[in-house]
1. What's the total number of residues in region 64-119 that are touching a residue at least 60 places away in the same chain (Cβ under 8 Å), within 14 Å of LEU33 (Cα to Cα) and within 28 Å of the chain's Cα centre (by Cα)?
2. State all residues of region 49-75 that are outside any loop (DSSP other than H, G, I, E, B), out of contact with any Cys (no Cβ under 9 Å at 6 or more places or on another chain), farther than 21 Å from ARG118 by Cα and hydrophobic (A, V, I, L, M, F, W, C); if no residue qualifies, say none.
3. Residues being surrounded by 15 or more Cβ atoms within 10 Å (Cβ to Cβ) and either small (Gly, Ala, Ser) or over 18 Å from THR45 (Cα atoms) (or both): count how many of those fall in region 116-133.
4. Could you grab the pairs with beta carbons closer than 7 Å, sequence gap of 6+ or different chains, first residue in region 123-145 and farther than 12 Å from PHE107 by Cα, second one of a type in the set (Phe, Trp, Tyr) and at pLDDT 80 or above?
5. Out of the residues in region 111-169 meeting the condition of being among the polar types (S, T, N, Q) and at pLDDT 75 or above, tell me which one is farthest from ARG73 (Cα to Cα).
6. Go through (1) modelled with pLDDT of 95 or more; (2) surrounded by 15 or more Cβ atoms within 10 Å (Cβ to Cβ) for VAL46 and report which single condition fails.
7. Going by the structure shown, is THR106 surrounded by 10 or more Cβ atoms within 10 Å (Cβ to Cβ), among the polar types (S, T, N, Q), at pLDDT 80 or above and not in a helix (DSSP H, G or I)?
8. Could you please let me know if THR187 is farther than 30 Å from ASP66 by Cβ and modelled with pLDDT under 60?
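The values are calculated or read from the model by the stated rules, or taken from the named source; none is laboratory data. Predicted, not measured: the structure shown is a model, and the values here were computed from it. Neighbour counts are summed over all protein chains in view; Cβ atoms, including those assigned to glycine, are modelled from backbone coordinates with ideal geometry.
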Amino acid sequence: MRFAIGLFLSAWLLCFSSAAFAADAYVSADVNLRAGPGTDYPPITVVPKWTGLQVQGCVDGYSWCDVQVGPERGWIYAQYLQFARDGGEPVYLNDNGPQLGIPVVTFMLGTYWDSYYRTRPWYRQRGYWVSRPPPIYRPLPSRPPWTRPPQRPPINRPPPRPRPPIGAGPGGRPPITNPPPRPPIGTGPGGRPQPGQGNRPGRPGDSNNGRPPRPQTRPAQQDG
């Protein structure tokens, strides 16, 4: 009876603390959402980079945090969680967990899995996971404060050199002209000879290429 009452009170406190606090954050990389605060616990889904979520609380040391991502509930390694201030600069959990007001929560596997993972295939191994010793949480290493990167100076490129227009005098491009027309056939000096004209040097031009015409003879008519 006492165990049942304690289990009910633990679940009620977990729900109450989740409803009382929720900090908006986002993930800085593609990260696994797991069923517990450790890499040994089953993965639920992969949260894409820059996805917004709500942080419900973190374990002691702020190394793993209980988050709500849409309809999914699980744990994310806090190294990939970032919060945004009014100026847009990111704030990490490494040294700012207490300043952000994120509460420290205790992970109770049985109560947590009963509340969120009853329909999961690995819920049948609940007894195995409950009997395991609790993990040891190591606090996140300190991270230097974020500073805005200096603005990159503009690139001073020389102005483009003007290209002279066509036919613009010395240094300009010559105007585009068409090639001279080809002289027609038989147009005097320099023209192409007409078909049938002689084209051998030193011989008169005729239809026989300079050869004398062949005499034509007819047979003599006989008187009858």
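1. Qualifying residue count for the region: 2.
2. LEU53
3. Keep residues of region 116-133 that are surrounded by 15 or more Cβ atoms within 10 Å (Cβ to Cβ), which gives 116-117, 122-123, 126, 129.
Subset that is either small (Gly, Ala, Ser) or over 18 Å from THR45 (Cα atoms) (or both): 126, 129.
So the count comes out to 2.
4. TYR123/TRP113; TYR123/TYR117; ARG126/TRP113; PRO139/TYR62; LEU140/TYR62; ARG143/TYR92
5. Let us first name the residues in region 111-169 that are among the polar types (S, T, N, Q), namely 111, 115, 119, 125, 131, 142, 147, 151, 156.
Now restrict to residues that are at pLDDT 75 or above: 111, 115, 119, 125, 131, 156.
Numbers: THR111: 13, SER115: 10, THR119: 13, GLN125: 19, SER131: 22, ASN156: 52 Å.
My answer is ASN156.
6. Answer for VAL46: the failing condition is (2).
7. Spelling it out, THR106 is indeed surrounded by 10 or more Cβ atoms within 10 Å (Cβ to Cβ), among the polar types (S, T, N, Q), at pLDDT 80 or above and not in a helix (DSSP H, G or I).
8. Against the criterion (farther than 30 Å from ASP66 by Cβ and modelled with pLDDT under 60), THR187 qualifies.
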